[in-house]
1. Rolling a 1.4 Å sphere over the protein heavy atoms, what is the accessible area per residue of segment 20-169, to the nearest Å²?
2. Most fluctuating residue of 120, 112, 180 in a GNM of the chain with Cα springs under 10 Å: which is it?
3. Going through the cross-link list 8/149; 27/149; 30/161; 8/168; 27/153; 30/71, which pairs have a Cα-Cα distance over 32 Å in this structure?
4. Report P(r) for segment 6-119: all Cα-Cα distances, bin width 5 Å, range 0 to the bin holding the largest distance, values in whole percent.
5. Based on the Kirkwood radius over alpha-carbon pairs, what is the Stokes-Einstein translational diffusion coefficient of the chain at 25 °C with 0.890 mPa s viscosity, in µm²/s?
6. Show me 20-30, 98-108, 159-169, 84-94 ranked by packing, highest mean number of other Cβ atoms within 10 Å first.
7. So if I average 1/r over every pair of distinct C-alpha atoms in segment 120-192 and take the inverse, what Kirkwood radius in Å does that give?
8. Counting each DSSP H run of 4 or more residues in the chain as -39500 (n - 2.57), what helix-only mean residue ellipticity at 222 nm follows after dividing by all residues, to the nearest 500 deg cm²/dmol?
Amino acid sequence: MKDREPLKDYKEKRDFSATPEPSGEVKESKDEPIFVIQKHDASNLHYDLRLEADGVLKSWAVPKGPSMDPKVKRLAVPTEDHPMAYADFEGVIPEGHYGAGTVIVWDSGTFSNTKGDDFSLSDNLDEGHATIHLNGSKLVGDFALIRTKRGGKRPQWLFFKMKDDYAKPGSDITSELPNSSKTGHSLKEVEAEEEPADLSDFE
Ligand code: MN
């Protein structure tokens, strides 16, 4: 879908007068490319992996989230490209809107292509095989994203830790470190912050 207007799907799915999510523009990082993993308490709790490529955040929904254990390979389902500004987004998407529910930044940082700086992540993703080195506050080390099923509407990928000195066999990082890497807040706290104050006691 390279020829389509960037972020078209993202914008079509959302009403920016109703959602606090950024409308966003195409924009590249000045230095190293960035990644973010958001924890999203929508109809089903999941994690959204986003990697900068070509001025947008390429995105996958990862139902069970990342793991630092190389034996644990997690299903990752591609979703629409998101604007770069989305990397900072924490908040509550209102009921009745696309992706309704609370979002926190579970981890973020920069990454490099382990194949080398001359390789394009977009090309690697088109080929269905990318390996990246993440420098996050929780996730560090080499990770792989491998397309296992092309499927027209529902292609599937696997996202997993590669074996290196950062790998933690047997660990369960999403349970060990559940909160926002940005604010330390839990999903519940972010949800509570956004709820309008109950004024009924003052009436
Ligand atoms: Mn999501």
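The values are calculated or read from the model by the stated rules, or taken from the named source; none is laboratory data. Everything numeric here is computed off the predicted structure, so don't read it as measured data. Cβ placement follows ideal geometry from the backbone for every residue including glycine, while neighbour counts extend to all protein chains displayed. These accessible areas exclude ligands, DNA and RNA; they are computed on the full protein's heavy atoms, side chains included. Shrake-Rupley method; radii C 1.70, N 1.55, O 1.52, S 1.80 Å.
1. So segment 20-169 comes to 47 Å² accessible per residue, rounded to a whole number.
2. In the Gaussian network model the winner is 120.
3. Pairs exceeding 32 Å: 8/168; 30/71.
4. 2, 12, 20, 26, 20, 12, 6, 2, 0
5. Once the numbers are plugged in, D ends up at 139 µm²/s.
6. Output ranking for 20-30, 98-108, 159-169, 84-94: 98-108, 84-94, 159-169, 20-30.
7. Details: mean 1/r = 0.0684 Å⁻¹.
Roughly 14.6 Å, rounded to one decimal.
8. -2500 deg cm²/dmol
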